[in-house]
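The values are calculated or read from the model by the stated rules, or taken from the named source; none is laboratory data. Computed from a predicted model, the values in this text were never measured in an experiment. For neighbour counting, all protein chains shown are included, and Cβ atoms are generated from backbone atoms with ideal geometry for every residue, glycine included. What goes into the accessible areas is simple: the full protein's heavy atoms, side chains included, and nothing from ligands, DNA or RNA. Shrake-Rupley method; radii C 1.70, N 1.55, O 1.52, S 1.80 Å.
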Amino acid sequence: MTRTTTTTGTRTTTGTRVTTTTGGRRKQIHLAAHFPGVNNTTVWQDPDSGSQIDFSSFRHLARTAERGRFDFFFLAEGLRLRERKGLIHDLDVVGRPESLTVLNALAAVTEHLGLAATVNATFNEPYELARRFASLDHLSGGRAAWNVVTTSDTFTGANFRRGGYLDRADRYLRAEEFVEVARALWDSWPADGAPRTVRHTGPQFGITARATVPHSPQRHPVLIQAGDSDEGREFAARTADVVFSRHGTLEAGRAFHADVKRRLARYGRQPDELKIMPGVTFVLGDSEAEAQERAAHLRRQQVSPQTAIAFVENVWGRDLSAYDPDGPLPDLDPVPDSDVVQGWAHAGDRFGIAAKWRALAEEKHLSIRELAIEQTARQSFIGTPATVAATIDEYVQTDAADGFILVPHLTPGGLDEFVDRVIPLLQERGTFRTEYEGPTLRDHLGLARPGGEGRHERAASTPAG
Amino acid sequence: MPRELHLSVELGRAGHPSAAALTAAHWTDLIGLAEQGALDFVTLEDSLAPPPDDSGGRLDAVAVLARVAPLTSRIGLVPTVTTTHTEPFHTSTALATLDFVSEGRAGWLVDVSAGEAEARAVGRREPAPTPELWAEAVDAAEVAVRLWDSWEDDAEIRDAATGRFIDRDRLHYIDFEGPHFSVRGPSIVPRPPQGRPPIAVALDVHDSDGRWALAAGHADVVLLDAGEPATARLARTALQRRAAEAGRPPGTLRVLLRVAVDLGGRTGSLPPADTARFTGTAADLADLLADRHTATGVDGFHLRPASTPADLPTVVHDLVPALRERGLFRTAYTGTTLRDHLGLPRPAGRYARQTEAAR
């Protein structure tokens, strides 16, 4: 495979490192706020559930996160509405804004909060997207972050020029080459110099380009990565600044943390150059019992009778609408390669899961809905503010995580209680900032501002894929 | 009582001090000033081409206007988004989002990207002939409108009894198929506050490259370049006729005459084009606009300052009061959305009628 990127013009001096680590200080926690998602984690039947699309909801959550001194605000992405049995899935929240545009608007109503957008590398081109992120970084004073994801299905591709062109196996090749080109563009115009032409030839991209904007405050927006496969972990170790991980339990978190950090050395990187932040949910109460009660109530809200049927359909790959949600699981077998549902993560081994669920339902005498509630992921942190703060701190101090991406259940007030009651306790522990120490997201995360050309040349000389 | 005119201003051509154009404050100050004058809207020109060598850089126009939206409350925000290299789906959702964050003040100035530099920078296709690019722009506008309409206004029902958040019968596939792209839909963004953010296109009477088709079929606002009043009058009449031929209701197309203005006493800084050009004082400009408004029948004007930072204060502090004295311009905003300012009704969605017929 041939792949070359050259940047013509004069070399510049390398950037300065802005990380400040005070000796002896306890490991600091990093926190992000995830705007409630388009899935059944987000409860919409609650009387306090507000708009998922009006700007006021985004403003409220972002300002709450900033009041809590969070590192950043996070938006997920969906490029096609999910379907079931050929019809648009109608049981969950549907509809969201285009991420970069809403983040630019949020930059106007916040001062320090990082602003992270999930944007697909499959259905965008590096020149245009690099420019959009550089614009956000300029307009926010250095607060932009990019969660790079790839999609290979033709289902999503039906909304785009090239359709489902990308082979599943090539997803990381595309993402990695995309990031390489974007960084070359971000590096190509020093603030006090002339723009240089970037020439790149590779399997995914062949471009000759001059950037339209000079270096932004962070030069490279913070790069977030969420894949969990071996390939994904390696990509993160080579390229990312933050990993949005799924490993929210203590043991799995420690194993993941150790594995990914170990990989960094291969690329000449230090452990603190990559932050691992699992996505987690939380439920608070005045007592442990009350918190558990609220959590159980919430899970029932998340799994309506209709959602329970849908939940089982995802595994069975069949239309089960004739089944009673309060009755037993279907005795039919799953359909292995069903396309009954589109837009969800693949169910995996359908027969294995179905067998396990049947055994569990039989043993505990569970209906379809009860099983779905039982199987819906328990909230990560349930307890009083004191126990939740202690648990979060323990995870971070014992390297199960460097921090967390909190996913509230409710728009837009789902983070209020956490900020009012848990954040002060973390601050008392001395493990979470009471004030922002710098203006940029890299400052909040303790990440160096990239050194420009030197760093790029190193990345370009790394063997591909 | 005289017929009021619409007044808008171009932010994006020349005269931006290099480093300042990269800051939010620069744009917030300019657009805030335009809002003080109760102007209908500002346009922010954009392109994927590298900016001129002496420029300090050019930010993405949608990004800049989204950044300013929460700090303003009335003025229309109209970015250029080119259709040649950008995905129509992304364009539609970004503009719908701009409409949400501005609570109904977004518009779209459609343009194409004919240059070789942009084609090589994006690297996805070879440069194409301009008429082909404008035919594609028409398709992109059609896709944007269909996607905006793909959610009926009342699609979100939050019906706890049936567990449904939306009524999916009120969401529609758009199934657009054209020579350059096909788009299935529906949009990921609900119908924006204005229903459809107004679409604008710039053209002159000599254009034969598809801009007229876009103007007649899709545009809500035409920014017309015409040097002579008689030409402007003919062009306006032709536009109205072609819009009617395209099946559009009368009164849904606003024609604004573009006027290059230099109110700072400088010379030689105006863009060379077949546009009405003016150098002089605000009072003289008010006379000229009043005269052209009557003589051509156009709905208003789109001013192209030689230097926006230098000329915009004069527009707001001197020209606007002079027009108000003549009873030609609003003393304050009377509505909140860009469609309100332009006197354009909020359109019904194209699919809503189909649903009604089917019910």
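Put simply, the C-alpha atoms of chain A give a gyration tensor, and the ellipsoid matching it has half-axes of 38, 28, 20 Å, longest first. Return the tail of the calculated pair distribution for the range B:186-335, meaning the percent of Cα-Cα pairs more than 29 Å apart. For the range B:186-335, the share of Cα pairs beyond 29 Å comes to 23 percent. In this structure chain B gives 36 Å² per residue of accessible area when probed at 1.4 Å with all protein chains present. Measuring between their Cα centroids, the range A:158-197 and the range A:290-321 lie 39 Å from each other.
Only Cα pairs under 8 Å and 6+ residues apart enter the sum, and on that basis the relative contact order of chain A stands at 26 percent.
Shown in residue order for the range B:182-191 are the 3J(HN,Hα) couplings computed by the Karplus curve 6.51 cos²θ - 1.76 cosθ + 1.60 at θ = phi - 60°: 10, 9, 7, x, x, 5, 7, 9, x, 4 Hz (x for Gly and Pro). Where both bridge residues fall in the protein assembly as shown, DSSP classifies roughly 20% of the beta bridges as antiparallel.
For the pair residue A:153 and residue B:36, label points projected 7 Å from Cα toward Cβ lie 5.3 nm apart.
Restricting the calculation to Cα atoms, the range B:117-226 yields a radius of gyration followed by a Dmax of 17.8, 60 Å.
Suppose every Lys and Arg Cβ carries +1 and every Asp and Glu Cβ carries -1, with no other charges. What dipole size does the range B:1-144 come out with about its Cα centre, to the nearest 20 debye? Don't skip to the answer; put the middle values down first.
Details: 9 positive and 21 negative charges, 67 e Å.
Charge dipole, the range B:1-144, about its Cα centre: 320 debye, nearest 20.
Within a straight-line Cα-Cα reach of under 17 Å, residue A:261 can be paired with the following aspartates and glutamates, leaving aside sequence neighbours fewer than 8 residues apart in one chain: A:228, A:230, A:231, A:234, A:241, A:251, A:272, A:273, A:399, A:402. Here r is the Cβ-Cβ distance between residue A:321 and residue B:73 and R0 is 41 Å; the resulting FRET efficiency, rounded to 0.05, is 0.30. Measuring max minus min along each principal axis, the C-alpha atoms of the protein assembly as shown give extents of 87, 68, 53 Å (largest first). Computed from the C-beta positions of residue A:345 and residue B:175, the FRET efficiency with R₀ = 35 Å rounds to 0.85.
Within the straight-line cut-off of under 29 Å between alpha carbons, the lysines reachable from residue A:356 are A:85, A:364, sequence neighbours fewer than 8 places apart in one chain being disregarded.
Counting only protein chain heavy atoms and rolling a 1.4 Å probe, the accessible areas of B:205, B:68 rank, largest first, as B:205, B:68. If only the Cβ of Lys and Arg carry +1 and only the Cβ of Asp and Glu carry -1, the dipole of the range B:173-321 around its Cα centre is close to 420 debye. Per the Debye formula on identical point scatterers at the alpha carbon atoms of the range B:21-90, with no solvent, log10 I(q)/I(0) at q = 0.12 Å⁻¹ is -0.35.
Would you work out the Kirkwood radius for the range B:1-159? I mean one over the mean of 1/r across all pairs of different Cα atoms, in Å. Show your work: numbers first, answer last.
Working: mean 1/r = 0.0583 Å⁻¹.
In the range B:1-159 this quantity evaluates to 17.2 Å.
Dipole size of the protein assembly as shown about its Cα centre, with +1 on Lys/Arg Cβ and -1 on Asp/Glu Cβ: approximately 1060 debye, rounded to the nearest 20. Mean projected area of the Cα convex hull of chain B, taken over all directions, amounts to 19.2 nm². When chain B is described by a simple charge dipole with +1 on each Lys and Arg Cβ and -1 on each Asp and Glu Cβ, the residue from B:218, B:98, B:349 located farthest towards its positive end is B:349. Pairs of alpha carbons in the range A:319-366 separated by more than 11 Å make up 73% of all such pairs.
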